[in-house]
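The values are calculated or read from the model by the stated rules, or taken from the named source; none is laboratory data. All values derive from a computational prediction rather than experimental measurement. Heads up, the Cβs are rebuilt from the backbone with ideal geometry, glycines too, and the neighbour counts pull from every protein chain shown.
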Amino acid sequence: MKNALFGLIVGLLVWNAVDGRAADMPVSEATAECLDCHALINPGIVKDWRNSRHAKITPKQALAVDGLARKVSSKNIPENLQNSPVGCAECHTLRPGAHAGTFEHNGYDIHVVVSPKDCATCHSTEAEQYSKNLMANAYDNLDANKLFRKLQLSINGRKEFKDGKIIYHPANDDTKAETCYYCHGTKLKVTGTEVRDTDLAGELEFPIIEGWPNQGVGRVNLDGSLGSCAACHTRHAFSIEMARKPYTCKECHVGPDVPAFKVYAASKHGNIYSAMNKSWDFGAVPWTIGRDFTAPTCAACHISLLVNTDEEVVSERTHRMNNRLPWRIFGLVYAHPHPQDPDTSIIRNKDGQPLPTSLDGDFAAQYLIDEKEMGVRRITMQAACLNCHGSSWVKGQWQRFENTIRQTNADIAIATAIMRDIWQKGLADMDANPFDEAIEKKWTDAWQFYANTTRFASAMGCGGDYGVYADGRYQLTQALLEMNDWRLLQEKVAANSK
Amino acid sequence: MKNALFGLIVGLLVWNAVDGRAADMPVSEATAECLDCHALINPGIVKDWRNSRHAKITPKQALAVDGLARKVSSKNIPENLQNSPVGCAECHTLRPGAHAGTFEHNGYDIHVVVSPKDCATCHSTEAEQYSKNLMANAYDNLDANKLFRKLQLSINGRKEFKDGKIIYHPANDDTKAETCYYCHGTKLKVTGTEVRDTDLAGELEFPIIEGWPNQGVGRVNLDGSLGSCAACHTRHAFSIEMARKPYTCKECHVGPDVPAFKVYAASKHGNIYSAMNKSWDFGAVPWTIGRDFTAPTCAACHISLLVNTDEEVVSERTHRMNNRLPWRIFGLVYAHPHPQDPDTSIIRNKDGQPLPTSLDGDFAAQYLIDEKEMGVRRITMQAACLNCHGSSWVKGQWQRFENTIRQTNADIAIATAIMRDIWQKGLADMDANPFDEAIEKKWTDAWQFYANTTRFASAMGCGGDYGVYADGRYQLTQALLEMNDWRLLQEKVAANSK
Amino acid sequence: MKNALFGLIVGLLVWNAVDGRAADMPVSEATAECLDCHALINPGIVKDWRNSRHAKITPKQALAVDGLARKVSSKNIPENLQNSPVGCAECHTLRPGAHAGTFEHNGYDIHVVVSPKDCATCHSTEAEQYSKNLMANAYDNLDANKLFRKLQLSINGRKEFKDGKIIYHPANDDTKAETCYYCHGTKLKVTGTEVRDTDLAGELEFPIIEGWPNQGVGRVNLDGSLGSCAACHTRHAFSIEMARKPYTCKECHVGPDVPAFKVYAASKHGNIYSAMNKSWDFGAVPWTIGRDFTAPTCAACHISLLVNTDEEVVSERTHRMNNRLPWRIFGLVYAHPHPQDPDTSIIRNKDGQPLPTSLDGDFAAQYLIDEKEMGVRRITMQAACLNCHGSSWVKGQWQRFENTIRQTNADIAIATAIMRDIWQKGLADMDANPFDEAIEKKWTDAWQFYANTTRFASAMGCGGDYGVYADGRYQLTQALLEMNDWRLLQEKVAANSK
């Protein structure tokens, strides 16, 4: 009889999950008004939201969850928000005075761009951690750095062919918004209003927002806050499953400069994920190693709250993503200990350049974390590894990783020595822009693509292809050889010309 | 009690789906004869077909479906075909007189290569639309274009190293069939017959078909029709699920010349697809935004019949794939408005070359769609976007896309100016073949790989990696610089030689 | 009533599968002791094992399976191992005297590194076959080959920039272990012991193992055996599902030198796999074409025991992976018939070099399989194809494949002729190392990346992108042109310098 009951319950659960016809939870009056129109004109996102946790639980219920399973970190959620699910109006009418561009819409003060400070109403700890993340500062970390502006210009600048030379003019806003700032985030600004003729309500006035659309990690919002939670917690499903799967990170971490996804997908961990994840539980909080999943995704190593099968905490949840990272392997120009401050535009190397290392490779140590902090972060990271690997395995893996950091930095020191010789001999011009000539791009290839890829392959235990033949050591060596080859040929030709 | 019933029904449904032991539908006498042998010798495809819709419904039943859910578009399906499921004989004995190479086989007149005109028996609208598709003409669009034949020769030609130079001889048919014409389609031709000794029926005679096997989109068939429905509707499952998933398009759209799949997979849409599609309904017709799927696949934007949750049509089904495309971003040499006629071999630019733009970038406007038609197609495409995005979002995205078309075309104008200078100075030879020297390949890299990739990244809102560092603007700029670097060096060396 | 029963059974099956709370099988006393601690400290792998077949069946039960479904090939499994599931102790205490580094641990003689000879206790046929596999010899096939050691040095060597030249010093062990030997396998060696402070048992002594961790296919183990079954049968789940999915092979076969995964994923077979595999049965032994799966994965073509729907054997299981491969398309420097002996370091070409062909492309025939054996292997491979494809299809595909081998070999002959001219004119130095200069790397690109990729694309019927524009014939031709361009320029500059 008990078995019969199970059969029925399972049948019903399956039926509900597949069909989704379970009764919707009642929403606030304001959200109901939003839905009156928007369920018709934007059914896609409304349906996404309907299927989301936000639509299925009230903050009060969320607050009542005890222990590690609790998903809201704020202790004091305003009373008036506690008893309805988190719908359209709950987010888009929050803090109306704080957002430039808030506009009257059907009797409500609405803002288009929901910001981390809005999300902090319920998720204060995550918002606080994220604000200390390099990513939150990704706009100014790029835009307020003179050298990186030159790097940008040499990539997305509008080009002109004049007097036999290629010269660069600043990229326009549309180009900038879909290149570097697509991931780094744009700076939003209200530039006016416009009246649009709508299907359901005739003429309505809306703000015009420069830099929109954008969901970059360091977006400068209309309330002055930094970041977009939707970069990873895709609107309007806000699915923890999606955030924990590696495709979210892939949106920004797949190119040769930062090939994290490609390397992961070719690693043993990536293999296990790809083959077996269909039977994993991506929604469980906390996330139990071995039971909910059997190999890490990006989120498992870098963000999520992990516990072991005895419910002991293995890794605390963090939204300051470098909490578990001693090294910054994304070379600028060299790999280096992580910056102390999430605002990297303040860093100056010994030569006064806004870089975390000198061009010789010396660390700008006063701006970077020290050995002790590096040790703490290493141990934090390794705590997860040890749930599946013995300590000699983990030690061996880490030793190889730090060896690779040293070796690739040494290779880049050679590339830079060749480049400096080229600059000194006047075969290229460093002062105007060290990134905008053909030979300078070859040098950039070496550190931004090949040294980076080699380090990612090492970090994730995927030495095989990405560490050797797929933008790895083979290409790194080749770039050095080609730089030197170019140098020697140019010198010979110059000598012949005399 | 109702619940108990649900449990049972669900249990049985699950059981049937997993086990597949549901009784097979009776087939026609002819198909039964095919199956007698071929179920033994080709069990893979027979099983695929057994699981397909073709095996589970008769045309009569399909015709009885009302409204948008109807999958057959022909109004008059021959009476004799209406009452059996669509099995082996139904397709492979259709229109025997129309196909060269029809042969007697076990008392039936059989043809090996089923063509779009065969499929049109039930799917006439789709076949008609497809015939107006650039893809249907992909064979001649390549083969009847003098310049593109030179491009082919410079890639897959048989090479000889003679007198210190690399010279090209035409590729043989085997090479051609597995390179360009693998996707574009081969030209099939019956060249004779051969007797083969078969396991089950001893010696049998079969036609010899030149160009076989092939499933390219513009295959020239033995009945003179163009295309292969199996390119996307993989034989013999003809699964709508497979056609709607992006891996089908990936078969031809993944290389650096047309990296649609790679760009999609790294986009927000691709992320949502990859993470969540296991719970989508890929078989529903029409396809309901938000309910059946929550982010577009290739098919959703370009082909499928989409409705909103109120069952209103958002996008009409089309098999003329550029119905929703104002711009052709696959640069030849520049991005340009789509050709009016699917036969692009008729196009001549202002200089008489068979290209949709001049080498300066001027559009061959009389052969291309006009602004008005471009506007219609833009609106058709955007109709789907608006189900999840506000109008300012869509407008902003489109503005950036058209900006990128202008900017990349401007970059290619510079690349071409450098190339022309090189040609004019005799450092390379345009007349013999503008694609077959090292420096000409660098120029080709610029437009065929880097400008194209940049535009695909823009079109699909994936500006991050593919728009910058992964065959994007970084490499586009680099190609321009390296071309100019080469030019200057060659000039210096030539001057020294005097 | 029968239906009601089905509902219940299915419900329960679903419940068990999802929840996994089914009672664990009792383990041996020794394994129980292992689990006492390791279930706490390594819950990830313990859980993996708990879900594995090893934990759910005893060798005695496995031996009782009749016919093709039997998974253990050894006839005589020691009596003392037959009655408990295969747990920690069953593998890690096997043959203690045979393994260097066996250590006393909680009263048991334990070895860390389980080897193929351990696995052979139950899986003797597979271990025997694997020992005849090129892969088992992957360490020495690389390390004992003088030329390949030079190739390694030119990639992962420690570089120095001295007197305007880049010179190479041998890579250290950490670099070697995570580059070539990551996939090829390291040579393990016990170098001493160390005492570690453990959470649960205080200070304990462990062996220090040089070359650890590693799971490369040709690992030299501490018992002298070669290989790591865990390379493909990922510890500790040993999931046949994982081994049969293509992500396992991708771990080592994704780079431009051997892009098997990338090519497969873009092929028709890969499309079918990606779109439909969620409903396939990856655990069935034997594996039935059409019923369990409808398109091949890597394992299906190269390894697995395949049957048709009449339970007739289509392909015997093999762990000597080249049993079905006449050609070795991974060019060294040219594609060639497969070596006879899995130890390729014994091969000498006509010029005495340790290569399977001469630099002209002549096969070192006495070391390679002959025409007859090639024919046998071709037929063995094609047996699987014919379950879904007609014989003219298979013949046509194979004809194109062998044509591509000839054409790409011819292209590499041109590349090598140019390279030889460069060597002879003293513009590069072959004798010191034929792989370590910029122009030599361009030559290496041609054969190791572009000719290989072109052949993989041909072999797997994915001519489109990888055969043309994605590291295919386009780039192969480009490399030849750039080599010749470089040669001519260097000659001119040298002439000017006189």
Problem - Condition check for C:Ala479: part of a helix (DSSP H, G or I) and either more than 9 Å from chain B (Cβ to nearest Cβ) or under 24 Å from B:Pro213 (Cβ atoms) (or both) - result: yes
Exercise for the section: Name every residue in segment C:271-301 that is at the interface with another protein chain (Cβ under 7 Å from one of its Cβ atoms) and either assigned to a loop (DSSP other than H, G, I, E, B) or among the small types (Gly, Ala, Ser) (or both), in order of residue number. Expected result: C:Ser274, C:Ala275, C:Gly290, C:Arg291, C:Thr294
Fill in the blank from the handout: All-but-one check, B:Leu332 against (1) in contact with a helix residue (DSSP H, G or I) (Cβ under 7 Å, 6 or more places away or on another chain); (2) away from chain A (no Cβ under 14 Å); (3) among the hydrophobic types (A, V, I, L, M, F, W, C), failing number (1)
Handout entry: Residue pairs meeting the criteria (Cβ under 6 Å; at least 6 apart or on separate chains; first farther than 20 Å from B:Ala300 by Cα, in segment B:388-408; second among the aliphatic types (A, V, I, L, M))
Key = B:Ile405/B:Ala335; B:Thr408/B:Ala451
Problem - Options B:Arg324, B:Arg378: the member that is more than 14 Å from chain A (Cβ to nearest Cβ), in contact with a helix residue (DSSP H, G or I) (Cβ under 8 Å, 6 or more places away or on another chain), under 30 Å from A:Val195 (Cβ atoms) and crowded, with 20+ Cβ neighbours inside 10 Å - result: B:Arg324
Practice task
Name every residue in segment B:160-170 that is in contact with a Lys or Arg (Cβ under 9 Å, 6 or more places away or on another chain), free of Cβ contacts under 8 Å to residues at least 40 places away in the same chain and more than 8 Å from chain C (Cβ to nearest Cβ), in order of residue number.
Solution key: B:Ile167, B:His169, B:Pro170
Problem - Qualifying residue in segment B:216-228 (condition: closer than 29 Å to B:Cys249 by Cα, under 32 Å from the mean Cα position of the chain (by Cα) and loosely packed, with under 14 Cβ neighbours inside 10 Å) - result: yes
Handout entry: Filter pass, B:Asp370 being in contact (Cβ under 8 Å) with a residue 12 or more places away in the chain and within 10 Å of chain A (Cβ to nearest Cβ)
Key = no
Problem - Complete set of residues in segment C:330-342 that are surrounded by 22 or more Cβ atoms within 10 Å (Cβ to Cβ) and of a type in the set (A, V, I, L, M, F, W, C) - result: C:Val333, C:Ala335
Completion exercise
Of the residues in segment A:39-60 that are within 11 Å of chain B (Cβ to nearest Cβ) and not in a helix (DSSP H, G or I), the one that is surrounded by the most Cβ atoms within 10 Å (Cβ to Cβ) is A:Asn42
Handout entry: In segment A:108-121, the residues that are outside any helix (DSSP H, G or I) and either touching a residue at least 40 places away in the same chain (Cβ under 8 Å) or among the hydroxyl-bearing types (Ser, Thr, Tyr) (or both)
Key = A:Tyr108, A:His111, A:Val112, A:Val113, A:Val114, A:Ser115, A:Ala120, A:Thr121
Exercise for the section: Output the residues belonging to segment A:373-399 that are within 26 Å of the chain's Cα centre (by Cα) and of a type in the set (Lys, Arg). Expected result: A:Arg377, A:Arg378
Completion exercise
Note on segment C:243-270: residues away from chain B (no Cβ under 14 Å), in contact with a Cys (Cβ under 7 Å, 6 or more places away or on another chain) and of a type in the set (Gly, Ala, Ser) are C:Ala243, C:Ala260
Handout entry: Residues of segment A:91-112 classified as within 20 Å of A:Ala231 (Cα to Cα) and touching a Pro at 6+ places or on another chain (Cβ under 9 Å), total
Key = 2
Practice task
Considering only residues that are without any contact (Cβ under 8 Å) to a residue 12 or more places away in the chain and under 22 Å from the mean Cα position of the chain (by Cα), look in segment C:254-283 and name the one that is farthest from C:Thr309 (Cα to Cα).
Solution key: C:Gly255
Practice task
Can you confirm whether segment C:236-244 contains a residue that is at pLDDT 95 or above, touching a helix residue (DSSP H, G or I) at 6+ places or on another chain (Cβ under 9 Å), acidic (Asp, Glu) and not in a loop (DSSP other than H, G, I, E, B)?
Solution key: yes
Practice task
Restrict the check to segment C:432-455 and report whether at least one residue is out of contact with any Asp or Glu (no Cβ under 6 Å at 6 or more places or on another chain), assigned to a helix (DSSP H, G or I) and facing chain B (nearest Cβ under 10 Å).
Solution key: yes
Practice task
State yes or no: is C:Leu305 in contact with a strand residue (DSSP E or B) (Cβ under 8 Å, 6 or more places away or on another chain) and not aromatic (Phe, Trp, Tyr)?
Solution key: yes
Problem - Selection count, segment C:294-319, where residues are in contact (Cβ under 8 Å) with a residue 40 or more places away in the chain and under 30 Å from C:Phe435 (Cβ atoms) - result: 1
Exercise for the section: Residues that are more than 24 Å from A:Ile369 (Cβ to Cβ): find the helices (runs of 4 or more DSSP H) completely inside segment A:122-183 holding 3 or more of those. Expected result: A:146-156, A:173-178
Fill in the blank from the handout: The residue from A:His99, A:His105 that alone is at pLDDT 95 or above, crowded, with 20+ Cβ neighbours inside 10 Å and of a type outside the set (A, V, I, L, M, F, W, C) is A:His99
Practice task
Scan segment C:281-299 for residues that are more than 22 Å from C:Val65 (Cβ to Cβ) and hydrophobic (A, V, I, L, M, F, W, C) and report the count.
Solution key: 2
Exercise for the section: Would you please name the residue that is farthest from the chain's Cα centre (by Cα), looking only at residues in segment C:146-203 that are among the aromatic types (Phe, Trp, Tyr) and closer than 30 Å to C:Val114 by Cβ? Expected result: C:Phe148
Exercise for the section: Would you be able to tell me the number of residues in segment A:184-213 that are at the interface with chain B (Cβ under 9 Å from one of its Cβ atoms) and assigned to a strand (DSSP E or B)? Expected result: 7
Problem - Filter pass, A:Thr309 being modelled with pLDDT of 95 or more and hydroxyl-bearing (Ser, Thr, Tyr) - result: no
